[in-house]
1. Taking the conditions exactly as written (of a type outside the set (Phe, Trp, Tyr), open to solvent by less than 90 Å² (accessible area, probe 1.4 Å) and in contact (Cβ under 8 Å) with a residue 24 or more places away in the chain), does Arg2 satisfy them or not?
2. How many residues are part of a helix (DSSP H, G or I) and surrounded by 13 or more Cβ atoms within 10 Å (Cβ to Cβ) when one looks only at segment 49-62?
3. Search segment 27-48 for residues being closer than 24 Å to Asn61 by Cβ and modelled with pLDDT under 95, and hand back the single one that is farthest from the chain's Cα centre (by Cα).
4. Mind telling me which of the residues Ser11, Ser20, Ser70 ends up being hydroxyl-bearing (Ser, Thr, Tyr), buried (at least 19 other Cβ atoms within 10 Å of the Cβ), over 20 Å from Val109 (Cβ atoms) and touching a residue at least 40 places away in the same chain (Cβ under 8 Å)?
5. Would you mind finding the one in Leu116, Leu129 that is at pLDDT below 90 and more than 16 Å from the chain's Cα centre (by Cα)?
6. Starting from segment 144-156, keep only residues that are of a type in the set (A, V, I, L, M, F, W, C), then list their pairs with residues that are not in a helix (DSSP H, G or I) whose Cβ atoms are within a distance under 9 Å, requiring at least 6 positions of separation or different chains.
7. When you look at Ala135, is it in contact with a helix residue (DSSP H, G or I) (Cβ under 8 Å, 6 or more places away or on another chain) and of a type in the set (Gly, Ala, Ser), yes or no?
8. Please name all residue pairs, on different chains or six or more residues apart, with Cβ atoms under 7 Å, provided the first residue is in segment 77-96 and is touching a residue at least 60 places away in the same chain (Cβ under 8 Å) and the second residue is part of a helix (DSSP H, G or I) and aliphatic (A, V, I, L, M).
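The values are calculated or read from the model by the stated rules, or taken from the named source; none is laboratory data. Computed from a predicted structure; not experimentally measured. Cβ placement follows ideal geometry from the backbone for every residue including glycine, while neighbour counts extend to all protein chains displayed. Surface areas here come from the heavy atoms of the whole protein model, side chains and all, with no ligands, DNA or RNA. Shrake-Rupley method; radii C 1.70, N 1.55, O 1.52, S 1.80 Å.
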Amino acid sequence: MREQTKYNKNSVIYFAGELSDSIYYIEAGTVAIQEVGTQVSEKKKLLGKGEFFGLFSAIGNYPRQENAISQSDLMLTIFDVKEFESLVINNSSMSLKLLQKLSQELRQVHKKTQKLLDVNVSVSPLQGLYTYGKAYFEKKEYDKATYVLNTFLKYYPLDERVADVKRMLESIK
């Protein structure tokens, strides 16, 4: 399905909630990625030539979490997942660029999660697991709490907070 498509300024490329296996590469122009359900200050991210978008939902096979709208006349190359995987496998510079993008995205997700849970940014992995698990537990998000607290037990079975973690897990059951 690899194809090049032109979009005029202010064209919608996709809406949040759509399910698609399309991954977009910007050949020319700019795209605004508008996250749905976030604060205004975090809402819009501008992408330009040489950047990918639509990647995570396409590869993960889940609905888009953002709207993508052209901010200028735009030329995109559109890949399906198999074509994109082939491109990455056969192009080491593309693989490196993708890893850099994933790293940036993970950092942003981490910061947003910490902000939502009101967690101190500079905590150790040990303290972070405990704090996240406890926060999920207190917010009654028991599936997430169970996962995080069990991960805590797996990696830190001798920590002084093990009894508290086990108490939370037992009360979830």
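1. Against the criterion (of a type outside the set (Phe, Trp, Tyr), open to solvent by less than 90 Å² (accessible area, probe 1.4 Å) and in contact (Cβ under 8 Å) with a residue 24 or more places away in the chain), Arg2 does not qualify.
2. Qualifying residue count for the region: 5.
3. Filtering first and then ranking leaves Leu47.
4. Ser70
5. Testing whether each residue is at pLDDT below 90 and more than 16 Å from the chain's Cα centre (by Cα) leaves just Leu129.
6. From segment 144-156, the pairs are Ala145/Lys139; Phe152/Asp159; Phe152/Arg161; Leu153/Asp159.
7. Yes; evaluated as a whole, the condition is true for this residue.
8. Close Cβ pairs (under 7 Å, with a partner that is part of a helix (DSSP H, G or I) and aliphatic (A, V, I, L, M)) amount to Phe79/Leu87; Val81/Ala58; Val81/Ile59.
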